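Undergrad: One structure, pasted below without further comment.
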Amino acid sequence: MLSAGMKAPDFKLADKDGRSVSLSDFAGKKVILYFYPKDSTPGCTRQAQAFAGLYERFRENNAEVVGISRDSTASHARFAEKYDLPFILLSDPELSVIQTYGAWGEKKLYGKTSMGVVRTTFVIDETGKIEKAMYKVKPDANASEVLSYIEGR
């Protein structure tokens, strides 16, 4: 499990437009890296809209928001367009980054146990180190908790 103080694993994934994006592309900025289960589902939509609503404040704090799920680039493009999401969405259908960051695990829903993406958020500092690791976050509170943390409140 990744934790504060560890070097964040670099990665290279496609964004909604098929462009390759690496964590190292953001050197000199904070990165809010959040993993979510699925585009356009109720919880994931609320979480994404919360990050979108606070996006300018993240930018004012020299932070970039990056969301990662298993969904395809085409799904991300539809999701971003439908909800006017201003931040980067990356596609990880092979689960390589999701598993590396410990965001894949057992989930329980309506008494059923299955494997899936567990909502997880990392604050990565300007040098690529994990500043804060948040596991099993709540979709409605995640964005405001992260903003409060980076603003020092």
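Undergrad: Taking Leu147 as meeting all but one of (1) assigned to a helix (DSSP H, G or I); (2) surrounded by fewer than 16 Cβ atoms within 10 Å (Cβ to Cβ), write down the number of the exception.
TA: So Leu147 meets the others, but not (2).
Undergrad: Can I ask one more? Which one of Phe35, Phe122, Phe87 is in contact (Cβ under 8 Å) with a residue 40 or more places away in the chain, in contact with a helix residue (DSSP H, G or I) (Cβ under 9 Å, 6 or more places away or on another chain) and among the aromatic types (Phe, Trp, Tyr)?
TA: Numbers: Phe122 fails: in contact with a helix residue (DSSP H, G or I) (Cβ under 9 Å, 6 or more places away or on another chain); Phe87 fails: in contact (Cβ under 8 Å) with a residue 40 or more places away in the chain.
After ruling out the rest, the residue left standing is Phe35.
Undergrad: Still on this model: Going through the stretch 62-73 one residue at a time, which ones are touching a residue at least 24 places away in the same chain (Cβ under 8 Å) and either assigned to a helix (DSSP H, G or I) or under 15 Å from Val21 (Cα atoms) (or both)? Talk me through it step by step, then tell me what you get.
TA: Filtering the stretch 62-73 for residues touching a residue at least 24 places away in the same chain (Cβ under 8 Å) gives 62-71, 73.
Residues satisfying the conditions are Glu64, Val65, Val66, Gly67, Ile68, Ser69, Thr73.
Undergrad: Identify, please: which residue in the stretch 1-53 is outside any loop (DSSP other than H, G, I, E, B) and among the basic types (Lys, Arg) and is, among those, farthest from the chain's Cα centre (by Cα)? Break it down stepwise before answering.
TA: Of the stretch 1-53, the ones outside any loop (DSSP other than H, G, I, E, B) are 7, 12-15, 20-26, 30-35, 42-53.
When the remaining residues are screened for being among the basic types (Lys, Arg), the result is 7, 12, 30, 46.
Numbers: Lys7: 17, Lys12: 14, Lys30: 13, Arg46: 13 Å.
Among residues in the stretch 1-53 that are outside any loop (DSSP other than H, G, I, E, B) and among the basic types (Lys, Arg), the one farthest from the chain's Cα centre (by Cα) is Lys7.
Undergrad: Here is a check on your reading of the model: is Tyr110 among the aromatic types (Phe, Trp, Tyr) and surrounded by 16 or more Cβ atoms within 10 Å (Cβ to Cβ)? Full working, then the answer.
TA: On the way: among the aromatic types (Phe, Trp, Tyr): yes; surrounded by 16 or more Cβ atoms within 10 Å (Cβ to Cβ): no.
The answer is no for Tyr110.
Undergrad: Let me ask something else about it. In the stretch 10-31, how many residues are in contact with a helix residue (DSSP H, G or I) (Cβ under 8 Å, 6 or more places away or on another chain), open to solvent by less than 30 Å² (accessible area, probe 1.4 Å) and within 15 Å of Val123 (Cα to Cα)?
TA: Residues meeting the conditions: 2.
Undergrad: Please work out which residue is farthest from Pro37 (Cα to Cα), limiting yourself to the stretch 113-144 and to residues that are open to solvent by 80 Å² or more (accessible area, probe 1.4 Å) and under 15 Å from the mean Cα position of the chain (by Cα).
TA: Among those residues, the one meeting the criterion is Asp140.
Undergrad: Any idea how many residues of the stretch 39-76 are within 15 Å of Arg119 (Cβ to Cβ), among the polar types (S, T, N, Q), open to solvent by 60 Å² or more (accessible area, probe 1.4 Å) and in contact with a helix residue (DSSP H, G or I) (Cβ under 8 Å, 6 or more places away or on another chain)?
TA: Applying the first criterion (within 15 Å of Arg119 (Cβ to Cβ)) to the stretch 39-76 yields 39, 41-51, 65-71.
If we keep only those that are among the polar types (S, T, N, Q) too, we end up with 41, 45, 47, 49, 69.
Within this subset, residues satisfying the condition of being open to solvent by 60 Å² or more (accessible area, probe 1.4 Å) are 49.
Subset that is in contact with a helix residue (DSSP H, G or I) (Cβ under 8 Å, 6 or more places away or on another chain): none.
Here the count works out to 0.
The values are calculated or read from the model by the stated rules, or taken from the named source; none is laboratory data. Remember, it's a predicted structure, so these values are computed and weren't measured experimentally. With ideal geometry, Cβ positions are generated from the backbone for all residues, glycine too; neighbour counts draw on all protein chains shown. The area values use the complete protein model at the heavy-atom level, side chains included, leaving out ligands, DNA and RNA. Shrake-Rupley method; radii C 1.70, N 1.55, O 1.52, S 1.80 Å.
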